[in-house]
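The values are calculated or read from the model by the stated rules, or taken from the named source; none is laboratory data. A quick note: this is a predicted structure, and the numbers were derived from the prediction, not measured. We place every Cβ from the backbone using ideal geometry, glycine too, and count neighbours over all the protein chains shown. All accessible areas refer to the heavy atoms of the entire protein, side chains included, with ligands and DNA or RNA removed. Shrake-Rupley method; radii C 1.70, N 1.55, O 1.52, S 1.80 Å.
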Amino acid sequence: MIYKTEISVRSYELDSYNHVNNAVYQEYLEHARMDFLNQIGFKYKEFYDEGYFLFITHVDIYYKAPAVLNDILTVETSVKELKLVRGTFHQTIKKEDGTVCIEADVDWACITKSGRPSKIPDEYMLDALKP
């Protein structure tokens, strides 16, 4: 299933070419992943309080078209892969006219506060996390 998050491009996110700075897209993706977790009922604060994190291990971003000031962007987030300890989100950022700005695959792992890989606790293994 695809989950959607809308973002409006703000002036301070632009580079000297008046395009969204490439690093800002990472922030958009992060915002949309947290929104996705909220939408599916994943209780991240409780997950964190119990000593777990979802740690980003790798990001592949393909830049396809620029976004500019006041563009309304939709970030689509879906689960591409899920294993016991790790998974991959697929995310696409599109303009209102459907133009794809970026596509990204974001790999993550579940770790404990000590930094050790850990199986995701059963109560957090929601159906929406499964591809």
| field | Residue identified as open to solvent by 30 Å² or more (accessible area, probe 1.4 Å), closer than 26 Å to Asp127 by Cα and not β-branched (Val, Ile, Thr) among Tyr28, Tyr12, Tyr52, Tyr63 | value | Tyr52
| task | May I ask you to list the residues in the range 33-73 that are in a strand (DSSP E or B) and within 25 Å of Thr99 (Cβ to Cβ)? | result | Val59, Asp60, Ile61, Tyr62, Tyr63, Ile72, Leu73
| Looking at (1) under 23 Å from Met1 (Cβ atoms); (2) in contact (Cβ under 8 Å) with a residue 24 or more places away in the chain, which is the only condition Lys94 fails? | (2)
| Can you find even one residue in the range 102-113 that is farther than 26 Å from Phe47 by Cβ, at pLDDT 95 or above and either part of a loop (DSSP other than H, G, I, E, B) or touching a helix residue (DSSP H, G or I) at 6+ places or on another chain (Cβ under 9 Å) (or both)? | yes
| Can you name every residue in the range 70-98 that is over 17 Å from the mean Cα position of the chain (by Cα) and either of a type in the set (Asp, Glu) or open to solvent by 80 Å² or more (accessible area, probe 1.4 Å) (or both)? | Asn70, Asp71, Lys83, Leu84, Glu96, Asp97
